[in-house]
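This report concerns only the one structure given below.
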Amino acid sequence: MAPCWGWTQSGELATLAGKFGQLYREGRYAEAEKTSEEIISLLAKSGAAKDLDVAALNNLGSLAYAQLKYDTAETFYERALQLCEAVAGPGHVDVADVLYNLAGLSVMQGRYERAESLYQRSLKIRQASLGSEDPAAADVLNNLGFLYLRQNKLQLADQALRHALLIWQKHSETAPLAAVTLNNLAVVRFRQNGFEEAESLYKQALAIEEKFWGKDHPETTTTLRNLGEFCRAQGRRDEAVRIYQRALAMLEKALGPGDALTRETARRLGELSAKTEDSAPAGADRLGVYQIIMVRTKSEADRLLERIKKGENFDELALAHSLDPTAP
């Protein structure tokens, strides 16, 4: 979700909104949630959305989204959009940020046509305001590509993802995002029976991540597992097992054997290693099942790790926080 900060506000909710923003920025999410509930209660009684600024509304929506409270998130995002358009104008870049968040929420709600329209509006504004080659435009294109992939609109997915990739590759600081797009282009090509290119795309993604993070960094394990699933789907089970063993070793070292992601990787490795598993190609049904969880601050990453350690469902957290929350 795209955060907003810095608009001013006044009124009876100003104190609570200011408190919420401060807690959110400091990563004190449990306290921020309690404050957000107070704000929601006041809004329900008074409907005084005018007393909150765009930043507060948008960030309240993002907090609700992260907690899988989609109806509440939609209420805040819609109010943020109305206010932002009224104050800054429909073509302002902050409007694009709220549209982007609403689009991601619509995907989670299964409202794909609405999501596509919102992403397209966000993209148009970002391209006009920031330039067609800005990474923020690539961010929208990437999510549009995922949306099309979700709907099996492979040609449209390919076009959007390749466009995003061209932009990412022009900005060295966005190398990890280029790797994400390469991963998902690989899924597109696999579904189009372009197996050789799919494998090449996975390996390109892995090379980028290893250069950026280091060969033994756990950030590379998503691509490793995707590559392992590709090899399994091609009937190359022994190769898949070796790749999974490498990924598991990294995760055990970095996160520990009790971590949810480590346990899931170990479980999948056990399935692959079992003599009873059918080693024949199984198609694309298992490709793309892993998704890189994207966060924008260290405090958000720490919060997610803490929630995972406490036993929250990893798949649900991945859906809510991945760059593409709709990956199959």
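Rule-based calculations on the coordinates, nothing more; no lab input. In this text, all values refer to a predicted model and were calculated from it rather than measured experimentally. So basically every Cβ, Gly included, is an ideal-geometry build from the backbone, and we count neighbours across all protein chains shown.
A few points about this structure:
- Cα pair distances exceeding 21 angstrom across the range 100-166, given as percent: 16 percent
- For the pair GLU239 and GLU133, label points projected 7 Å from Cα toward Cβ lie 3.6 nm apart.
- Calculated FRET efficiency for the pair ASN152/GLU78, C-beta based, R₀ 25 Å, to 0.05: 0.25
- Likely footprinting exposure, LEU248, LEU57, fewest C-beta neighbours within 10 Å first: LEU248, LEU57
- Stokes-Einstein diffusion for the range 63-210 at 25 °C, viscosity 0.890 mPa s, with a Kirkwood radius from C-alpha pairs, works out to 154 µm²/s.
- GLN159/ARG267 FRET efficiency (R0 25 Å; Cβ-Cβ; nearest 0.05): 0.10
- Note on HIS171 and GLU31: the extension gain reaches 46.7 nm, defined as 0.36 nm multiplied by sequence separation minus the Cα-Cα distance.
- By other beta-carbon atoms within 10 Å, ranking GLU26, GLU31 with the fewest at the front produces GLU26, GLU31.
- Here the Karplus relation 6.51 cos²θ - 1.76 cosθ + 1.60, evaluated at θ = phi - 60°, turns the backbone of the range 76-83 into coupling constants of 5, 4, 4, 5, 4, 5, 4, 5 Hz, with x for every Gly and Pro.
- By other beta-carbon atoms within 10 Å, ranking ARG232, ARG191, ARG263 with the fewest at the front produces ARG263, ARG191, ARG232.
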